[in-house]
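What follows is a single structure, written as structure tokens, with notes after it.
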Amino acid sequence: MRAGVLILGGTGEARRLAETLAREPRLRVISSLAGRVRDPKLPRGEVRVGGFGGPDAMADWLREQGISAVVDATHPFAERITASAVRATSAAGVPLLVLRRPGWREEPGDDWHWTASLPEAAARLPTLGRRAFLTTGRQGLPAFAGLDDLWFLIRTVDPPEPPLPSRFRLLLDRGPYTLDSELSLMREHRVDLLVTKDSGGTMTMPKLTAARELGLPVVVVRRPALPDVPTAGTVEQALAWLDGLLHLDERVKIRERAPHRRR
């Protein structure tokens, strides 16, 4: 019987992990997507879409499917999914690893303003600019709905639902982006402020470089704290953790520093 690995996905790291694990004939790899994106990029292997119905239902599903390990490779701000996974795997007695790519780091010339939440970010905007490029995702837009004196360029993958800011232009687009395109976009719309979450990765990083070159302030929302479970920053580290549990085929193993536990 093949061992089951559940990947809570939606990120590039999740797709890479599924692609690599698919080389292991002794594994059944299942990727679970939340279903919040209308046309998601599907990973290789089995895919399920939608929630589990809460931690208890997820624990039951893990038992029924014979899951031997869970890798939470969701977005760094998907804290509810992560909290549910922690509870479910604990109840089912299934090992859990949280895979999170490293966050972004300030570089010389950056003018970053860190905040703990989207409402705090919204409160900071009037002191920093009047035409904001908002790249925090569609679900967090209500936090900015009351800023009637500001104009927003809002970029999301799927159309957002109200409430929304009163003055805005909506741009539906999906990365990766280039530095030239980000510079052109910011100049065209006379943006004087960038708002983002600390998502990390290279796909959307050009907006930060563009803001640096244009001398724009950037409001950055900090990530939620990780739970006290094993964590990894790369797909290679996640594979090393899985190898320790499941003894992967040599075609799958990629050696790197092992995952660490949050303290």
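The values are calculated or read from the model by the stated rules, or taken from the named source; none is laboratory data. Small disclaimer: the values here were computed from a predicted structure and weren't measured. Positions of Cβ are backbone-derived with ideal geometry, glycine not excepted, and every protein chain shown enters the neighbour counts.
Given the options GLY10, GLY35, GLY53, name the one that is closer than 25 Å to ALA225 by Cβ and part of a loop (DSSP other than H, G, I, E, B).
Numbers: GLY35 fails: closer than 25 Å to ALA225 by Cβ; GLY53 fails: closer than 25 Å to ALA225 by Cβ.
Being closer than 25 Å to ALA225 by Cβ and part of a loop (DSSP other than H, G, I, E, B) holds for just one of GLY10, GLY35, GLY53, which is GLY10.
Could you tell me which numbered condition GLU24 fails, if it satisfies all but one of (1) under 28 Å from ALA210 (Cα atoms); (2) over 19 Å from the mean Cα position of the chain (by Cα); (3) in a loop (DSSP other than H, G, I, E, B)?
Unmet condition: (1).
Restricting to the stretch 182-204, what's the tally of residues that are within 30 Å of LEU99 (Cα to Cα) and surrounded by fewer than 18 Cβ atoms within 10 Å (Cβ to Cβ)? Spell out how you get there, then give the answer.
Initially, the stretch 182-204 is screened for residues within 30 Å of LEU99 (Cα to Cα), giving 182, 194-204.
In the following step, the residues that additionally are surrounded by fewer than 18 Cβ atoms within 10 Å (Cβ to Cβ) were identified as 198, 201-203.
Looking only at that region, the number is 4.
Given the options VAL94, VAL49, VAL70, VAL86, name the one that is more than 20 Å from the chain's Cα centre (by Cα), of a type in the set (A, V, I, L, M, F, W, C) and in the same structural domain as THR234 (by TED's automatic domain parsing). Reasoning before the result, please.
On the way: VAL49 fails: more than 20 Å from the chain's Cα centre (by Cα); VAL70 fails: more than 20 Å from the chain's Cα centre (by Cα); VAL86 fails: more than 20 Å from the chain's Cα centre (by Cα).
Exactly one of VAL94, VAL49, VAL70, VAL86 is more than 20 Å from the chain's Cα centre (by Cα), of a type in the set (A, V, I, L, M, F, W, C) and in the same structural domain as THR234 (by TED's automatic domain parsing), namely VAL94.
Is it true that PRO217 is more than 17 Å from GLY103 (Cα to Cα), touching a residue at least 60 places away in the same chain (Cβ under 8 Å), in the same structural domain as LEU96 (by TED's automatic domain parsing) and not charged (D, E, K, R)? Before you say what the answer is, go through the steps one by one.
Values: more than 17 Å from GLY103 (Cα to Cα): yes; touching a residue at least 60 places away in the same chain (Cβ under 8 Å): yes; in the same structural domain as LEU96 (by TED's automatic domain parsing): no; not charged (D, E, K, R): yes.
No: the conditions fail for PRO217.
Out of everything in the stretch 212-262 that is part of a loop (DSSP other than H, G, I, E, B), closer than 30 Å to ALA121 by Cβ and in contact with an Asp or Glu (Cβ under 8 Å, 6 or more places away or on another chain), what residue ends up being modelled with the lowest pLDDT?
Initially, the stretch 212-262 is screened for residues part of a loop (DSSP other than H, G, I, E, B), giving 215-217, 222-229, 233-234, 247-259, 262.
Remaining after also requiring closer than 30 Å to ALA121 by Cβ: 215-217, 222-229, 233-234, 262.
Among the residues that remain, those that are also in contact with an Asp or Glu (Cβ under 8 Å, 6 or more places away or on another chain) are: 215-217, 222-224, 234, 262.
Numbers: GLY215: 98, LEU216: 98, PRO217: 98, ARG222: 98, ARG223: 96, PRO224: 95, THR234: 96, ARG262: 53.
For the stretch 212-262, the residue satisfying everything is ARG262.
Please find, among ASP228, ASP198, ASP243, the residue that is of a type in the set (Asp, Glu), within 25 Å of ALA116 (Cα to Cα) and either outside the structural domain of SER117 (by TED's automatic domain parsing) or in contact with a Cys (Cβ under 8 Å, 6 or more places away or on another chain) (or both).
Details: ASP198 fails: either outside the structural domain of SER117 (by TED's automatic domain parsing) or in contact with a Cys (Cβ under 8 Å, 6 or more places away or on another chain) (or both); ASP243 fails: within 25 Å of ALA116 (Cα to Cα).
Of the residues listed, the single one that is of a type in the set (Asp, Glu), within 25 Å of ALA116 (Cα to Cα) and either outside the structural domain of SER117 (by TED's automatic domain parsing) or in contact with a Cys (Cβ under 8 Å, 6 or more places away or on another chain) (or both) is ASP228.
Name, by its number, the condition in (1) of a type outside the set (S, T, N, Q); (2) more than 19 Å from the chain's Cα centre (by Cα); (3) closer than 18 Å to GLY215 by Cα that does not hold for PRO119.
(3)
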